[in-house]
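The values are calculated or read from the model by the stated rules, or taken from the named source; none is laboratory data. Predicted model, so just to flag it, every value in this text is computed and none were measured. Don't worry about glycine lacking a Cβ; one is built from the backbone with ideal geometry, like all the others, and counts go over all protein chains shown. What goes into the accessible areas is simple: the full protein's heavy atoms, side chains included, and nothing from ligands, DNA or RNA. Shrake-Rupley method; radii C 1.70, N 1.55, O 1.52, S 1.80 Å.
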Amino acid sequence: MTTRFGFVAIVGRPNVGKSTLLNHILGFKLSITSRKPQTTRHRVLGIWTENECQIAFVDTPGMHTDQPKAMNRVMNQTAEQALSGVDAVVMLTDGKIWNELDQRVYEKVRRSDAPKYWVINKVDKLNNKNELLPHIQNTVETHRFDEVFPVSALKNLNLEPLLGALKLQMPDGPFMYEEDQITDRSERFLTAEIVREQIMRQLGDEVPYETTVEIESFEHSGDRVGIHALISVERDGQKAILVGEGGTRLKQIGIEARKRLENLLDAHVALKLWVKVRASWSNDERALKSLGYFESD
Ligand SMILES: Nc1nc2c(ncn2[C@@H]2O[C@H](COP(=O)(O)OP(=O)(O)OP(=O)(O)O)[C@@H](O)[C@H]2O)c(=O)[nH]1
Ligand SMILES: [Mg+2]
C-alpha cells in the first residue's frame, strides 16, 4: 500500500476557532479552547490517520499585534514558524469578518509556497449563507487562495470537503507517527493545558494572561494518577482572585480539570493545585524558556 504523509498548519488571528477545528477533525478534544482570545500558547500537533493517509495538523497560537511583552513575541513566532516546511496551509477567519489582524496573518501566509486554503469558520452564526458570497468574491479578488471552504468547526459542518482537499496535497511517503497516535505532546503537557483551560474559562480577563501552569509531579499507581500542578501568577492580587474566597475558585478549577483529566487519562485522578506569585514571568525570556515557551530550540 502506498502511504501518504504530510503536515498542515492551521493559522489565524486569536479566537477564530483554530483549536476547535483541530479537535473536530480529530474527533478528540486535544487542544484547549475558550471564548477568550489567546487561549493557545504552544504549537500542538494533532495526528489524523485514515486508511493510507496520515496528516499532522499543527495548531498554532493566534497571531496578534506585536506587543512588547516577551510572551506575545514568542506566541507570534511560534505561529509564524509553523508555516515553514508544511504541505498545506489552512487560514481561518470568522464569518464575514476580514480585519486588520486577518490581513496581517494573510501577509505571512502569502509567503508560503504550500497550497493555501481559506476556511471561513462559524458559518452557523450566519442567518443566510448567501451573505458570504460578496465577502468571498471581494476577498479572493485581492487574495490568492487555492480553495475556499465555509465551515462550522463547532457543528462539524463541511469539514469533509476540506479534509478531502488536504488529503490530495499530502506527498507519498511513510507515516511519521503510529496509526493510533493522536499527538506528539506528553500527558504532562496536556495535563497542564487542561488546568490552564479551566483558568481561561472560569476567570475574567485580569488573571489568565499572566498565569502559567507547571506539572510538578505526575505519578501512576494502578488505576490512579496523582498529579501536583503549580500555577504561577504575577501579583498577589491575582493569587487572591484565583484562589477565591475560602479557596472556592481554586477548588472549582480543580473539580472541572479533574473531570477532563479522568477522561483523558482513563484513570482516577487525584489533583493538587498550588498557586505561587512569580513576578513578571511572562516578560522574562529566561523564565519563559524554563516554562517551555520556546518552541524553536
Ligand atoms: N458559533 C461557533 N463558535 C465557534 C466555532 N468554532 C469555534 N467557536 C468558538 O470560538 C471560540 C474560540 O475557539 P478556539 O478554538 O479556542 O479559537 P482559537 O482560534 O484556537 O483561539 P486562540 O487559541 O486563542 O488563537 C470558542 O468559544 C469556540 O467554541 C464555530 O464553528 N461556530
Ligand atoms: Mg487555539
- Residue list for the stretch 77-123, filter: open to solvent by 10 Å² or more (accessible area, probe 1.4 Å), closer than 30 Å to ALA287 by Cα and out of contact with any strand residue (DSSP E or B) (no Cβ under 6 Å at 6 or more places or on another chain): GLN77, GLU80, GLN81, SER84, GLY85, LEU101, ARG104, LYS108
- Confirm whether ASP66 is more than 30 Å from MET1 (Cβ to Cβ), at pLDDT 95 or above and either part of a helix (DSSP H, G or I) or over 18 Å from the mean Cα position of the chain (by Cα) (or both). no
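Do you know which residues across the stretch 150-193 are outside any helix (DSSP H, G or I) and of a type in the set (Ser, Thr, Tyr)? Don't jump to the end; show me each part of the working.
First pass over the stretch 150-193, keeping only residues outside any helix (DSSP H, G or I): 150-158, 170-186.
Hits for the stretch 150-193 are SER152, TYR177, THR183, SER186.
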- Item | Residue list for the stretch 12-43, filter: within 11 Å of ligand 2 (Cβ to nearest atom) and part of a helix (DSSP H, G or I) | LYS18, SER19, THR20, LEU21, LEU22, ASN23
- Could you give me the residue pairs with C-beta distances under 7 Å whose first residue belongs to the stretch 258-287 and is in contact (Cβ under 8 Å) with a residue 24 or more places away in the chain, whose second residue is part of a helix (DSSP H, G or I) and of a type in the set (S, T, N, Q) wherever it lies, and which are 6+ apart or on separate chains? LEU261/THR191
- What do you reckon, is ASP172 surrounded by fewer than 14 Cβ atoms within 10 Å (Cβ to Cβ), at negative phi and of a type in the set (D, E, K, R)? yes
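One line per residue, one yes/no per condition, for (1) in contact (Cβ under 8 Å) with a residue 40 or more places away in the chain; (2) within 18 Å of LEU22 (Cβ to Cβ):
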position	(1), (2)
ALA56	yes, yes
THR65	no, no
ALA79	yes, yes
ALA82	yes, yes
GLY85	yes, no
MET91	yes, yes
GLU100	no, no
ARG104	yes, no
ASN121	yes, yes
